[in-house]
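These notes are about the structure you will find just below.
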Amino acid sequence: QVQLVESGGGLVQAGGSLRLSCAASGRTPSINVMSWHRQTPGKQRELVATISSSGITTYVPSVKGRFTISRDNLKNTVSLEMNSLNPEDTAVYYCNARTYYYGVFWGQGTQVTVSS
């Protein structure tokens, strides 16, 4: 099993920045891809960014150029640096770990609120 704990959410004004972090524990050597997702009430959870074990990244078009995902395999952490935030970025952000053998795991989520 893998446990994920997010931190770093909060309230920020439009145009501001936040950095989310996610710490993984448990069977961390089994983690392949890590990712950030977000969800607003009444909507499906949306993939925001992914990073592979070798550092290859992908982004949803709406955040490309504004968000940066990074990973520290020694510390078992993944971060999401979010810049130029706008109210449409308001959501609960979830960390996700996809493992080679044990399935997919989610964190508990952290709220990001961007005020206009």
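The values are calculated or read from the model by the stated rules, or taken from the named source; none is laboratory data. Being a predicted model, the structure only gives us computed values, none of them experimental. Virtual Cβ from ideal backbone geometry, glycine too; neighbours counted across all protein chains shown. For the accessible areas, the whole protein counts, side chains as well, though only heavy atoms, and no ligand, DNA or RNA atoms are used. Shrake-Rupley method; radii C 1.70, N 1.55, O 1.52, S 1.80 Å.
Could you compute the net charge surrounding Gly8? Neighbours are other residues with a C-beta less than 12 Å from the C-beta of Gly8; K and R count +1, D and E count -1. Kindly include the intermediate steps, with their values, before the conclusion.
Details: positive: Arg19; negative: Glu6, Glu81.
Overall, the nearby charge balance is -1.
Of the heavy-atom accessible surface of the chain (probe 1.4 angstrom), what whole percent is carbon and sulfur?
Numbers: 3160 of 6130 Å².
After summing per-atom areas, the C and S share lands at 52 percent.
Taking amide H atoms as placed 1.01 Å from N in the peptide plane, list the residues 5 or more away in sequence, or in a different chain, whose amide H sits under 5 Å from that of Thr90.
Result for Thr90 returns Val114.
Taking each pair of distinct Cα atoms in the chain once, what is the resulting Kirkwood hydrodynamic radius in Å? Intermediate results must be reported in sequence, preceding the final value.
Numbers: mean 1/r = 0.0711 Å⁻¹.
Taking every pair of different Cα atoms in the chain, averaging 1/r and inverting gives 14.1 Å.
Counting other Cβ atoms within 10 Å, which trypsin sites (Lys or Arg not before Pro) in segment 68-116 have at most 12 and lie in a DSSP loop? Each step should come with its number before you reach the end.
On the way: sites: Arg71, Lys75, Arg98; in loops: Lys75.
Qualifying residues, ordered by number: Lys75.
Leaving ligands and nucleic acids out of the surface, order Asp72, Asp89 by accessible area at 1.4 Å, largest first. Show your work: numbers first, answer last.
Details: Asp72 50, Asp89 5 Å².
Largest accessible area first, the residues go Asp72, Asp89.
Mean-square fluctuation check for the chain, GNM, Cα pairs under 10 Å: which of Ser62, Ser35, Ser84 is largest?
Highest fluctuation of the listed residues: Ser62.
Would you mind counting up the charge near Asp89? Only other residues with Cβ under 15 Å from its Cβ, with Lys and Arg at +1 and Asp and Glu at -1.
Working: positive: Arg19, Arg38, Lys43, Arg45, Lys64, Arg66; negative: Glu46, Glu81, Glu88.
Neighbour charge sum, excluding Asp89 itself: +3.
Out of Leu20, Leu85, Leu11, any idea which swings most in a Gaussian network model of the chain, alpha carbons joined below 10 Å?
Leu11
Starting from segment 64-116, pick out the chymotrypsin sites (Phe, Trp or Tyr not before Pro) whose DSSP state is loop and whose Cβ has at most 15 other Cβ atoms within 10 Å. Walk me through the numbers before you get to the answer.
Numbers: sites: Phe67, Tyr93, Tyr94, Tyr100, Tyr101, Tyr102, Phe105, Trp106; in loops: Tyr100, Tyr101, Tyr102.
Answer by residue number: Tyr100, Tyr101, Tyr102.
What accessible area per residue, rounded to a whole number of Å², is obtained for the chain using a probe radius of 1.4 Å? Write down the numbers at each step before the final one.
Numbers: 6130 Å² over 116 residues.
Per-residue value: 53 Å².
Using 0.36 nm per residue of separation minus the Cα-Cα distance, give me the extension gain between Gln39 and Asp72 in nm, one decimal. Write down the numbers at each step before the final one.
Working: separation 33, 0.36 × 33 = 11.88 nm, distance 2.48 nm.
This chain segment gains 9.4 nm when fully extended.
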